[in-house]
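Student: Quick one: structure below, then a few questions.
The values are calculated or read from the model by the stated rules, or taken from the named source; none is laboratory data. The structure displayed is predicted, hence computed values, not measured ones. Heads up, the Cβs are rebuilt from the backbone with ideal geometry, glycines too, and the neighbour counts pull from every protein chain shown.
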Amino acid sequence: MIFSLFFIHFLDYRLKLVHSYTLMKLNNKTSKRLFKKAQNYLVGGVNSPVRSFNAVQGSPLFISKAKGPYIYDEDGNKFIDYIGSWGPLILGHSDKDVVSAIKKTASKGTSYGAPCELEIEVAKLVVKSVPSIEKVRMTNSGTEATMSAIRLARAYTGNDYIVKFEGCYHGHPDYLLVKAGSGATTFGNPSSPGVPKSFTDKTLLAKYGDINSVEKLFKKYPDNIAGIIIEPVCGNMGVVVPEKKFLADLKRITKKHKSLLIFDEVMTGFRLDMGGVQKRFGVIPDITCLGKIIGGGLPVGAYGASKKIMKMVSPEGPMYQAGTLSGNPLAMSAGFATLKKLNSKTYKYLEDTTAELVDGIEDIISKSRIDANINQIGSMFTIFFTKNEVVNYKSALKCDTKKYGAFFKNLLENGVMFPPSQFEAVFVSTSHTKKEVNKTLDAVYKSFKDLN
Ligand code: KE4
């Protein structure tokens, strides 16, 4: 009798061990094989550094398919996905209307190198939704959008200097890779090699949220600043939400000095509201950059402003900017199908679902011994592994990125995929339901427990 009790106990212990061991070790054999192969042809095995999992000391999972809130890797592992292709997939993966729009358009051709009606439809929706935009120009990426917006500010004002903020990431134009966020911070090269000093001589750095650091620059260069570019809610230090007064003061200062205020809403445009941060906070910039969501998962960027400012852009004006695939029918059809499904009801759903998830995670953090806190707005948030509130680049850099990496890997092993870097935003989509929220909270609970 005693022996059999002991045996059952022993068996139970072994099972627990196996269970925790299998939970501790994802089967990623195929992804590892593909990553090895990819590294023979693709730099770092990836086409964008943040996907490499370097920041979380792992090797990237190769994805085979995705549907709704779920993503599946080549080893058949299934995850609740909160990367959402870094923002574009506000409706979740393979939304049926987006996929059928792409299929229908593709059957009529993929790119005409000539205008098509779909470009007008998307432009009309953007103009109708975004307060600062009366005319828009499509590009193929957020980087092209910000690069063109800065060229436009310089062309329109005749000034050369640009103010950017430490920790903000606006894609990789040479002169903006100065204390940039996102992958530039993750990989410790916020000011990248390969950019001649002369290219960044006209880039002035200010501190996010610190209006005095901006005033000082305008005092030093009173008449030669073309504009300020900012992520009006930052996603690339992780999520940092400024005071509304800070954005209003930027508007006041640029107006006073005849400079232009550029909101880089590549991430926040149509994410936080149909009209982005400028609608939500009521501070209207001179130029707005868009991307991600307006392409519905296909390559798109855009920049827009008043008719008066956009008149500078070729072929109406002298400032040159172009793109072989700008406004191509496929990307326009995916973007249009996405934007058409966004309305006040979808944003309410996103806010409520995200709030439920974040409240649950905050409760888990409060009961754990881990130093962590969350910044959240709308359907984006970041769990910062630090005890301090993160309000700017300096405070973001105080995060324990190793702990974030361990948390990320625990989450993966519990079936949830967060962005593989501390300095990114988590995105909730309309396809995430209570079921995924509860599963995610369970995974977060287990992941925090393993961190202790
Ligand atoms: P793209 O050139 O990557 O389309 O957009 C550049 C860009 C511009 N502005 C903001 C506010 C952005 O967030 C981005 C790109 N975001 C990163 C993630 N934080 C893209 C992910 C990646 O680099 O692979």
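Student: From K308, K345, grab the single residue that is over 24 Å from S132 (Cβ atoms), without any contact (Cβ under 8 Å) to a residue 24 or more places away in the chain and among the charged types (D, E, K, R).
Tutor: K345
Student: Tell me which of these T143 doesn't satisfy, since it passes every other one: (1) farther than 20 Å from A302 by Cβ; (2) within 17 Å of the chain's Cα centre (by Cα); (3) among the β-branched types (V, I, T); (4) surrounded by fewer than 24 Cβ atoms within 10 Å (Cβ to Cβ).
Tutor: Here T143 meets the rest and fails (1).
Student: Oh, and also: Scanning region 151-180 for residues that are within 12 Å of the ligand (Cβ to nearest atom) and out of contact with any Asp or Glu (no Cβ under 8 Å at 6 or more places or on another chain), which turns out modelled with the lowest pLDDT?
Tutor: This residue is A180.
Student: Sticking with this one: Have a look at V214, V233 and point out the one that is away from the ligand (no atom under 16 Å from the Cβ) and either closer than 19 Å to F423 by Cα or not assigned by TED's automatic domain parsing to the domain that holds G405 (or both).
Tutor: Residue meeting the stated conditions: V214.
Student: For I120, work out the one condition from (1) away from the ligand (no atom under 15 Å from the Cβ); (2) closer than 14 Å to E265 by Cα it doesn't fulfil.
Tutor: Here I120 clears every test but (2).
Student: Residue check: is D249 under 23 Å from D160 (Cα atoms), within 27 Å of the chain's Cα centre (by Cα) and buried (at least 24 other Cβ atoms within 10 Å of the Cβ)? Don't jump to the end; show me each part of the working.
Tutor: Working: under 23 Å from D160 (Cα atoms): yes; within 27 Å of the chain's Cα centre (by Cα): yes; buried (at least 24 other Cβ atoms within 10 Å of the Cβ): no.
In short, no.
Student: Let me ask something else about it. Give just the number: which of (1) farther than 26 Å from S429 by Cα; (2) within 19 Å of the chain's Cα centre (by Cα) does V239 not satisfy?
Tutor: Against the list (1) farther than 26 Å from S429 by Cα; (2) within 19 Å of the chain's Cα centre (by Cα), V239 comes up short only on (1).
Student: Is it the case that region 87-102 has a residue that's within 16 Å of the ligand (Cβ to nearest atom), touching a strand residue (DSSP E or B) at 6+ places or on another chain (Cβ under 7 Å) and modelled with pLDDT of 95 or more? First the steps, then the outcome.
Tutor: To start, the set of residues in region 87-102 that are within 16 Å of the ligand (Cβ to nearest atom) comprises 87-90.
Now restrict to residues that are touching a strand residue (DSSP E or B) at 6+ places or on another chain (Cβ under 7 Å): 87.
Remaining after also requiring modelled with pLDDT of 95 or more: 87.
Yes: region 87-102 contains one or more residues that are within 16 Å of the ligand (Cβ to nearest atom), touching a strand residue (DSSP E or B) at 6+ places or on another chain (Cβ under 7 Å) and modelled with pLDDT of 95 or more.
Student: Can I ask one more? If you check every pair at least six apart or on different chains, which have Cβ atoms under 8 Å apart with a residue in region 355-371 that is in the same structural domain as N438 (by TED's automatic domain parsing) first and a residue that is charged (D, E, K, R) and assigned to a helix (DSSP H, G or I) second?
Tutor: As it stands, the answer is E356/K434; S368/K449; I370/K403, since those pairs meet every condition given.
Student: Confirm whether T186 is within 11 Å of the ligand (Cβ to nearest atom), outside the structural domain of V390 (by TED's automatic domain parsing), more than 28 Å from K279 (Cα to Cα) and in contact with a helix residue (DSSP H, G or I) (Cβ under 6 Å, 6 or more places away or on another chain).
Tutor: In short, yes.
Student: A further question on this structure: State whether the residues of region 285-305 include one that is more than 16 Å from the ligand (Cβ to nearest atom) and either out of contact with any strand residue (DSSP E or B) (no Cβ under 6 Å at 6 or more places or on another chain) or modelled with pLDDT under 95 (or both).
Tutor: For region 285-305, residues more than 16 Å from the ligand (Cβ to nearest atom) and either out of contact with any strand residue (DSSP E or B) (no Cβ under 6 Å at 6 or more places or on another chain) or modelled with pLDDT under 95 (or both): absent.
Each row is one residue, and each column tells you yes or no for (1) at positive phi; (2) within 15 Å of the ligand (Cβ to nearest atom); (3) in contact with a helix residue (DSSP H, G or I) (Cβ under 8 Å, 6 or more places away or on another chain).
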site	(1), (2), (3)
K387	no, no, no
F407	no, no, yes
N410	no, no, yes
E413	no, no, yes
P419	no, yes, yes
Q422	no, yes, yes
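Student: How many of the residues in region 42-63 are near the ligand (Cβ under 10 Å from one of its atoms), assigned to a loop (DSSP other than H, G, I, E, B) and touching a residue at least 12 places away in the same chain (Cβ under 8 Å)?
Tutor: Residues meeting the conditions: 2.
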